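The values are calculated or read from the model by the stated rules, or taken from the named source; none is laboratory data. Just so we're clear, the structure is a prediction, and the values are computed from it rather than from any experiment. Don't worry about glycine lacking a Cβ; one is built from the backbone with ideal geometry, like all the others, and counts go over all protein chains shown.
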Amino acid sequence: MRNPYINDDLQALADHTRRFADKRVAPGFLERDQTRVLDRQLMREMGAMGLIAPELAEAHGGQGLGCLAAGVIHEEIARADLSISYINLLASLNGQILSDHGQPEVAGPWLKKLTAGESLLAIALTEPRGGSDAANLRLRVERVGNDYVINGEKTSISAADQADAVVVFGRTGSIDSGAHGVTALLVPTDVPGLTRSRFDCHGQRAIGRGSLFFENVRVPMNHRLGDENKGFVQVMQGFDFSRALIGLQVLAVARVALEETWAYVAQREAFGKPLSAFQGVSHPLADFDTQVVAARLLCLQALWLKDQGLPHTSEAAMCKWWGPKLAYDVVHQCLLMFGHGGYDHGVMEQRLRDVLGFQIGDGTAQIMKTIVARDRAGRQAVPN
């Protein structure tokens with residue numbers, strides 16, 4: 001079936017990426033979950049092939065291919081390993097932030113290293129006392145001379161202990177100024193006063209999550225991203241892009257799980273028939289297959305809208321809440337179809353653990369539904 005959003009060039013890019021992912025990414029899937037080590041050589045290979053942030057302009061190290069191109073790459077890498085596809089996600093999100101809001105003399109070199117796969121950037125928004133209330137930040141940023149001085153803690157940060165630099169959101173205005181008192185800064189992780197920890201997470205173990213602790217960390221003023229006190233309002237606009245990419249990532253995992261399960265139930269027999277002959281087996285898979293096709297089209301539509309410069313906030317929020325929930329339900333059902341073989345440590349159970357994390361991080365389903373409701377009914381009709 002011809003996909004209306006995927007033209008011949010994008011399909012060729014997807015096929016090219018899948019060949020690389022099958023050969024280089026998939027073989028280490030289970031091992032990276034055990035070692036919790038992100039393969040930097042693999043990241044550099046992805047960069048050399050132009051698979052990291054291809055939507056960025058050539059001047060920034062990208063290829064100017066658009067957001068749909070980033071989406072098809074995300075799908076193929078995530079199909080092989082969801083954790084490795086986090087490299088692509090963080091690069092696309094942070095790459096857009098740096099290219100749109102960074103000072104050229106600071107952002108330029110980081111963008112080149114980012115797209116080349118030589119550096120990994122994290123984004124630090126969540127704090128211990130309020131994960132979903134992202135505008136109620138307490139990490140303090142104060143201007144001292146020509147520097148900003150940072151004090152406080154960030155938590156549940158993807159790649160916290162592996163990133164080479166972090167986009168940090170902190171409070172420069174008063175606490176009652178809400179989102180309008182937040183400033184974003186680019187902070188290299190080798191600066192004095194910055195320490196890091198790593199959690200023992202259930203899934204996505206190769207990329208990992210952890211905390212960042214800032215004690216009088218100083219960065220020059222030219223490391224600011226966007227205007228002072230407007231970092232949250234300006235920079236957070238890029239999250240619509242990443243939410244659509246997340247939907248495609250997790251749905252790619254669901255799609256490959258379904259493909260494998262359809263093949264399994266067609267050849268596995270019980271009572272003289274293939275399992276697929278029993279409606280209790282085939283109908284749930286058909287139901288989920290239908291939903292996955294629909295959800296994927298929604299994610300591609302959101303990226304298409306972004307490429308056209310059209311509003312896509314609601315669509316992106318829908319992708320973020322529906323995609324991870326659906327992917328988890330799909331992989332769960334597929335695992336059950338494989339019986340004890342699916343429950344044993346292996347590919348299917350690792351997929352289940354990996355996709356679960358996206359129901360928690362990067363915006364919960366409740367927050368995403370509130371975004372949709374505000375877009376439909378108006379912000380005044382849907383207050384905090």
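If we scan segment 171-185, do we find a residue that is outside any loop (DSSP other than H, G, I, E, B), surrounded by fewer than 23 Cβ atoms within 10 Å (Cβ to Cβ), modelled with pLDDT of 95 or more and not assigned by TED's automatic domain parsing to the domain that holds D354? Scanning segment 171-185, I find no residue that is outside any loop (DSSP other than H, G, I, E, B), surrounded by fewer than 23 Cβ atoms within 10 Å (Cβ to Cβ), modelled with pLDDT of 95 or more and not assigned by TED's automatic domain parsing to the domain that holds D354, so the answer is no. The residues of segment 24-33 that are touching a residue at least 40 places away in the same chain (Cβ under 8 Å) and of a type outside the set (D, E), listed by number, are V25, A26, G28, F29, L30, R32. S197 meets the conditions (1) under 30 Å from P27 (Cα atoms); (2) not in a strand (DSSP E or B) in every case but one. The failed one is (2). Scan segment 50-69 residue by residue and report those that are out of contact with any Gly (no Cβ under 9 Å at 6 or more places or on another chain) and either surrounded by 23 or more Cβ atoms within 10 Å (Cβ to Cβ) or on the phi < 0 side of the Ramachandran plot (or both). The answer is C67, L68, A69. Scanning segment 218-258 for residues that are basic (K, R) and surrounded by fewer than 23 Cβ atoms within 10 Å (Cβ to Cβ) turns up R218, R224, K230, R255. Scanning segment 101-120 for residues that are in contact (Cβ under 8 Å) with a residue 24 or more places away in the chain and not aliphatic (A, V, I, L, M) gives H101, G102, Q103, E105, G108, W110, K112, K113, T115, G117, E118, S119.
Residue-by-condition table, conditions (1) closer than 14 Å to F239 by Cα; (2) touching a residue at least 24 places away in the same chain (Cβ under 8 Å); (3) not assigned by TED's automatic domain parsing to the domain that holds V72:
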{"site": "R296", "(1), (2), (3)": "no, yes, yes"}
{"site": "C299", "(1), (2), (3)": "yes, yes, yes"}
{"site": "A317", "(1), (2), (3)": "yes, yes, yes"}
{"site": "A327", "(1), (2), (3)": "no, yes, yes"}
{"site": "G339", "(1), (2), (3)": "no, no, yes"}
{"site": "G342", "(1), (2), (3)": "no, no, yes"}
{"site": "M348", "(1), (2), (3)": "no, yes, yes"}
{"site": "I371", "(1), (2), (3)": "yes, yes, yes"}
{"site": "R374", "(1), (2), (3)": "no, no, yes"}
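Exactly one residue out of A59, A48, A53, A70 is in contact (Cβ under 8 Å) with a residue 60 or more places away in the chain and more than 24 Å from C299 (Cα to Cα), and it is A48. Which residues, counting only those in segment 224-244, are touching a strand residue (DSSP E or B) at 6+ places or on another chain (Cβ under 6 Å) and either among the hydroxyl-bearing types (S, T, Y) or without any contact (Cβ under 8 Å) to a residue 40 or more places away in the chain (or both)? Of everything in segment 224-244, nothing turns out to be touching a strand residue (DSSP E or B) at 6+ places or on another chain (Cβ under 6 Å) and either among the hydroxyl-bearing types (S, T, Y) or without any contact (Cβ under 8 Å) to a residue 40 or more places away in the chain (or both).
Among the residues of segment 149-161, just one is in contact with a Ser or Thr (Cβ under 9 Å, 6 or more places away or on another chain), outside any strand (DSSP E or B) and of a type outside the set (D, E), namely A160. Residues of segment 149-169 that are touching a Gly at 6+ places or on another chain (Cβ under 8 Å) and either of a type in the set (K, R) or touching a residue at least 60 places away in the same chain (Cβ under 8 Å) (or both): I150, G152, S156, S158, A159, Q162, F169. Residue-level analysis places G238 outside the set of residues that are under 30 Å from Q103 (Cβ atoms), modelled with pLDDT of 90 or more and in contact with an Asp or Glu (Cβ under 8 Å, 6 or more places away or on another chain). Of the helices (runs of 4 or more DSSP H) contained entirely in segment 234-345, those carrying at least 3 residues that are farther than 20 Å from A69 by Cβ and within 18 Å of the chain's Cα centre (by Cα) fall at 313-337. Every condition in (1) part of a helix (DSSP H, G or I); (2) farther than 25 Å from T261 by Cβ is met by P383 except one, and the failing one is (1).
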